[in-house]
Every structure is written in structure tokens, then in C-alpha cells.
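Laboratory data are not the source of any read-out in this text; all were calculated from the coordinates shown. The shown structure was predicted, so the numbers you read here are calculated from the model rather than taken from an experiment. Here the Cβ positions follow ideal geometry from the backbone for every residue, glycine too, while neighbour counts run over all protein chains shown.
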Amino acid sequence: MLALAGVAAAAAGLPGCAASSRPGAAAGSDDTDDTLLARAAAQSAGELLAVYRATARRHPDLRPLLRPLAEHHAEHLAVLAPDGPPPLPRGTRVPRGRTSALAALRRRERAAARSRQAAVVDASSGDLARVLAAVVACQAQHLVLLDGQLR
Amino acid sequence: MSLVESLQDALAGEHAAVYGYGVVGGVADATGSVAQLGLAAYEVHQRRRDRLEARLRRLGAEPVPAEPGYALTSPVVTDGDARRLARRIEDRCAVLYAALVAATTGPRRREAAGWLTDAATRSLAWGAPATALPGVGLS
């Protein structure tokens, strides 16, 4: 974990981290764009983390399924925003029904994965792209697990 | 790592994967889920091997050949052994695909990212737990 924390941020040239190590990279618009991509991914991970936690609170029987998945989003957050996560959203609404709650989680996870998929290709830094692609792969695993409960 | 190096590493991984899934297929009961999953994965890795070879040739590089054989870390006798081997294959390929993502751009990068996602979900199907950053060397 520690070895990786900050890789994405450093690649994206986030404040407080080493400047981009890309050969020949000048501090310019590419770095700025990557910073924005990393920040958007961190924001998304924070939102998902909040939704997973809220859903687990509302539906205790889903906790064994949801806890490890929430933990993954917390790890994404740690890698994408090592200097501190963005403020987590509060007051997330969770459907009362178990199936509706799972379906709502699935929709959010899927939408987030699609945005990250686009970001993988948009990233200037290969290191950032690699981390974002891993986040997408993790989210695909989550979708399989959520689907398994919805079937 | 250069593009050609990443492609060669991925190709070497596909050679090993095709060999490994051959072992998986040899163990499995022909009608079982291990056989079905194994055959599908075998074909996927064969196709990727062929694509990587073609790309390396277009780049003017000589594709790395398959080894005559690959050492298995433990005997593969039961379906459980086969599942463990298959998980290991996908997890190792995931690392190579992640490196390929970093080394490519545009549609090629999108393809490599798709392979990474595929390896992650295949590993899950073989019984591995979900992980936070498949292919990026954690957990």
C-alpha cells in the first residue's frame, strides 16, 4: 500500500508530491489535466465509499458483502488522494428495500466505472492510467458480486 | 519500460497462460464448470497471443517464442488445483496488462485496460476474492 500511495498523485503532479517523473514532461496542461482526472477519481471513490457505508448501515444483512468492497474504495481514495481525501458526502439516501438498495449501488458503481474508463484513455501519465485501469477492474469485480446478489 | 518490452512481456505471459490452461483442460472433467471456464479462457489467451505477435511484427520486433515447457509450482491433479492454477495465471497476466496500459495510449491502451478488467473478473470466477487494485501489485 505505502509503496503505491501517491503514485497516481505524483504522476498527476498533485501539490505536495514530487513533480511528474515523465521524461521531458514540462509542467503544463497535461499535468493539469491529469491532476483533474485524479481528483475526479478520488471524488468518485469518496462518493462510492459513502454510499457503501450508508447502505451497510441501513441493511445490516448486506454488511459481509459490502464491507470489503467499501474497503476497496477507501484504498482507491488513499492512492488517488494521499494528501487527504475530499470531504465525503453526507446524508446519502438508501432505498429501504434490499434489492432496490443493491440495484442503486450497482447503478452508481457502473456509472463511476464508465467515467474512469474514459479517464484511463485521457490520462497523459502512463502511471496514472495504470492505476485508473486497476480501479476500473476492481469495479468490474464489484459489479459481478452485486449481480450475484441481485440474481 | 518501452512499448516493445511491455508487449514482449505480455506475450511471454500469454504463452505461459496458454500452456497453463492446457494443463487446466487436461485435468478437468469434460462437462464441469472448470472445463468450460478453462476452455473459454484458453481461447481468449490464444487470441491475445496472436494479436501481440502480430503487433510486435508490425513494430519490427521478433516476438518471443513459447518455452518448451513451464514449471508448475505444485502438481495439478484435482479441480481445486486447476482453479488455483487458473487464478494464478490470471493474476500474473493482470500485472502484465497493467504494465501494458502504462506503456500504450489511445485505443491500444483501452484494449489493454479491457484485458486487465477481464483478467480481474476471470480471477474472481475462479474463486479469488475481489481486490482493490488488480494488476498493480497489492494484496
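Each Lys and Arg Cβ is given +1 and each Asp and Glu Cβ -1; about its Cα centre, the range A:29-150 then shows a dipole of about 1040 debye. Among the residues of A:69-76, the average count of other protein chain beta-carbon atoms within 10 Å of the residue beta-carbon is 2. Counted as membrane-span-like here are DSSP H helices of chain B whose alpha-carbon atoms extend 24 Å or more along the helix's own axis and whose Kyte-Doolittle mean is 0.0 or above; these are B:3-27, B:79-103. What the phi angles of the range A:100-109 give under the Karplus curve with 6.51, -1.76 and 1.60, with θ = phi - 60°, is a coupling list of 5, 5, 5, 5, 5, 4, 4, 4, 5, 4 Hz, glycine and proline written as x. Compute the Cα gyration tensor for the protein assembly as shown, then decide on rounded, prolate or oblate, letting a ≥ b ≥ c be the square roots of its eigenvalues: rounded whenever a/c is under 1.5, prolate when a/b is larger than b/c in the other cases, and oblate in all that remain. Oblate, since a/c reaches 1.5 and b/c is not below a/b.
Computed from point charges on the beta carbon alone (+1 for Lys and Arg, -1 for Asp and Glu), the dipole magnitude for the protein assembly as shown about its Cα centre is near 1260 Debye.
Ordering B:I89, A:G46, B:G60 by Cα displacement along the dipole of the protein assembly as shown toward the positive end leaves A:G46 in first place; charges were set at the Cβ atoms of Lys, Arg (+1) and Asp, Glu (-1). Shape call for the range B:64-125 from the C-alpha gyration tensor, a ≥ b ≥ c root eigenvalues: rounded (a/c under 1.5), prolate (a/b greater than b/c) or oblate? It is oblate, given that a/c is not under 1.5 and a/b is not larger than b/c. What is the mean number of Cβ atoms from other protein chains located within 10 Å of the Cβ atom of each residue in peptide A:108-118, rounded to a whole number? Taking all residues of A:108-118 together, the mean is 1.
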